[in-house]
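Since the structure comes first, as structure tokens, the remarks are kept for the end.
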Amino acid sequence: MKLWAIIPELIIAGSALSFIPIAGWVKGKNQLIPSYLTLISLLLSLWFAFRMLSWPSFDIFKGTYAIDNFGTVFKILILSGSAITQLLLLFYFRKNSHIAHAPIALLFSTLGAMCISASLDLSLIALFLQMMSLAGYILVALIRKENLANEAALKFFIFAAAALAAMTFGLTFLYGLTGSLDLRIIGMMLMHSNSVWIFISLILILIGYGFEITLVPFHFWAPDVYSGATAPVSGFLSVVPKIAGFAGLLRFLLTAYQNNSADWSFTLAVFSAAAMTFGNLAALRQTSLKRLLAYSSIAQSGLILMAVASADIKSNAVSSAGFYLLAYIFMNLGAFSVTSQVERNFGSDDIILFRGLGRTAPFPAVVMALSFLSLAGIPPLAGFAGKVFIISDVIARGYVWLAVIAAINLTIALYYYVSVVAEIYLKKPANNIKPAGDFYFFLSAAICIAGTIFFGIFPAAALRVTVLLGNILL
């Protein structure tokens, strides 16, 4: 067994299991110990993942798990998002008994997400999707006395169970058509299968992945869950499961459905247009910032799905999707970091509470403004570069109509993003109380804003890594 090939996963798995008894024993100031150890584990795993970028591609565990640059790059993105979230959890739950238990659920969800990006076996895909989602339920319901959190966790569970059940049904279709659980064998066998059954299996499987990436019409859980969960958890759910979902979907399509790209490409283009349009129109009416970010997340998923719809083994679209997901980590968690600060201080995420933030808290105001402007696609921020890459790939693929829809949606999105920035800088403060922050908040916010600016000005620095996504084990 080549256990040395999964060092990043082993670090996360070993840490999660060993921290369970520690979280039960620690009291008082020692409750921070699991959080510190979790942060160390995430950074150590991230370091090993970077070291693996120079490795050749191969499979392990009898061909069920891939070690390739495609999976490694996505693991780096997942670990980066989890590490920033852990900093926000340290800030949000300081002096709170939940601080000892939250990191364990975070680690298990991170582990599931990492393994999804490398799984080549249908049973492993279903298993790791369940692992990632189950830990997500725990994170949402972390504050058990909050009725909204309990309601959100229940909705999350019900929708996840239904979506993953439908996806599992689709996986059984593939097994029935090909007699194999291996994605690579399935890809060869589907060449001789009925196209109708192939399309039905694709739609069923897309339900599961669509749930994770908040794709219309599988998005219904997101606004209520984001609203009911704490802001750091909402930020985590908006980033890490989304990255894992896109990683799993891309590997699935490029491996199992590589000879049926004409079938799934146009289908995904339609889903992309629907997600962008619905998400942006629904966001216009929101007064809660977490709900606004939930609908924004739906629209952003539609944008990233444009790159997936344009992807094939030889195109740059996979690299463009990876770049945008990297940018999305920084700009979205930057917005959620400030939301966490406001929510923790005032007990609400109402947009009114952000009025005049530029006067009462200049640094958080800058972080929120630049994060929203990056999400809107304003140069020279990372979101602008990512959108340019994706729209260029879509036009190169021949989907000019989709690029036009994206341009219209970018105009709609600009309105509600800039509206929040206007609340921050052009309106008088709702109160003159400065929201308090600590070292962990300022560190997480600084990392997010630095990434948003740096990768906007120097996108080539990130593209040197994301271009490695083309090295996928087939």
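The values are calculated or read from the model by the stated rules, or taken from the named source; none is laboratory data. Please read all numbers here as calculations on a predicted model, not as lab measurements. Cβ: placed from backbone, ideal geometry, glycine included. Neighbour counts: every protein chain shown.
Of all the residues in the range 84-131, those that are of a type outside the set (Val, Ile, Thr), buried (at least 21 other Cβ atoms within 10 Å of the Cβ) and in a helix (DSSP H, G or I) number 23. Condition first: buried (at least 19 other Cβ atoms within 10 Å of the Cβ), among the hydrophobic types (A, V, I, L, M, F, W, C) and under 22 Å from the mean Cα position of the chain (by Cα). Can you find one or more residues in the range 426-441 that meet it? Looking through the range 426-441, at least one residue is buried (at least 19 other Cβ atoms within 10 Å of the Cβ), among the hydrophobic types (A, V, I, L, M, F, W, C) and under 22 Å from the mean Cα position of the chain (by Cα). Out of LEU87, LEU79, LEU111, which single residue is modelled with pLDDT of 90 or more, of a type outside the set (Val, Ile, Thr) and over 15 Å from the mean Cα position of the chain (by Cα)? On inspection, the qualifying residue turns out to be LEU87. Whenever a residue of the range 440-461 is free of Cβ contacts under 8 Å to residues at least 40 places away in the same chain, its partners that are crowded, with 23+ Cβ neighbours inside 10 Å and assigned to a helix (DSSP H, G or I), lying with C-beta atoms within less than 7 angstrom and at least six residues away or across chains, give the pairs ALA461/PHE455. If you go through the range 367-424 and keep only what is part of a loop (DSSP other than H, G, I, E, B) and surrounded by fewer than 24 Cβ atoms within 10 Å (Cβ to Cβ), you end up with GLY377, ILE378, PRO379, PRO380, GLY398, TYR399. Identify, please: which residue in the range 37-56 is out of contact with any helix residue (DSSP H, G or I) (no Cβ under 8 Å at 6 or more places or on another chain) and not in a loop (DSSP other than H, G, I, E, B) and is, among those, surrounded by the fewest Cβ atoms within 10 Å (Cβ to Cβ)? Residue satisfying both the conditions and the ranking: SER54. Within the range 367-381, the presence of at least one residue that is among the hydroxyl-bearing types (Ser, Thr, Tyr) and touching a helix residue (DSSP H, G or I) at 6+ places or on another chain (Cβ under 6 Å) is confirmed.
Filter the range 192-239 down to residues that are of a type in the set (A, V, I, L, M), assigned to a helix (DSSP H, G or I) and under 17 Å from the mean Cα position of the chain (by Cα) and give me whichever is surrounded by the fewest Cβ atoms within 10 Å (Cβ to Cβ). The selected residue is ILE207. Meeting the requirement of 3 or more residues that are touching a helix residue (DSSP H, G or I) at 6+ places or on another chain (Cβ under 7 Å) and of a type in the set (Val, Ile, Thr), the helices (runs of 4 or more DSSP H) wholly within the range 267-363 are 289-309, 317-346.
For every residue, the table says whether it meets (1) modelled with pLDDT of 85 or more; (2) surrounded by 24 or more Cβ atoms within 10 Å (Cβ to Cβ); (3) touching a Gly at 6+ places or on another chain (Cβ under 6 Å).
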site	(1), (2), (3)
ARG291	yes, no, no
GLN300	yes, yes, no
ALA311	no, yes, no
SER337	yes, yes, no
PHE354	yes, yes, no
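The set of residues from the range 150-181 being buried (at least 16 other Cβ atoms within 10 Å of the Cβ), small (Gly, Ala, Ser) and more than 18 Å from SER109 (Cα to Cα) comprises ALA166, GLY170, SER180. Candidates in the range 89-144 are the residues that are touching a Ser or Thr at 6+ places or on another chain (Cβ under 6 Å) and of a type outside the set (A, V, I, L, M, F, W, C); of these, the one that is farthest from LEU181 (Cα to Cα) is TYR92.
Conditions (1) surrounded by fewer than 24 Cβ atoms within 10 Å (Cβ to Cβ); (2) under 24 Å from THR178 (Cα atoms); (3) of a type in the set (A, V, I, L, M, F, W, C); (4) at pLDDT 95 or above, marked per residue:
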position	(1), (2), (3), (4)
GLY248	no, yes, no, no
TYR257	yes, yes, no, no
ASP263	yes, yes, no, no
ALA275	no, no, yes, no
ASN280	no, no, no, no
ALA294	no, no, yes, no
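Can you give me the number of residues within the range 36-70 that are of a type in the set (D, E, K, R) and either under 30 Å from TYR440 (Cβ atoms) or without any contact (Cβ under 8 Å) to a residue 40 or more places away in the chain (or both)? Of the residues in that region, 2 qualify.
Report yes if ARG344 is surrounded by fewer than 24 Cβ atoms within 10 Å (Cβ to Cβ) and under 22 Å from GLY81 (Cβ atoms), otherwise no. Taking the combined requirement at face value, the residue satisfies it.
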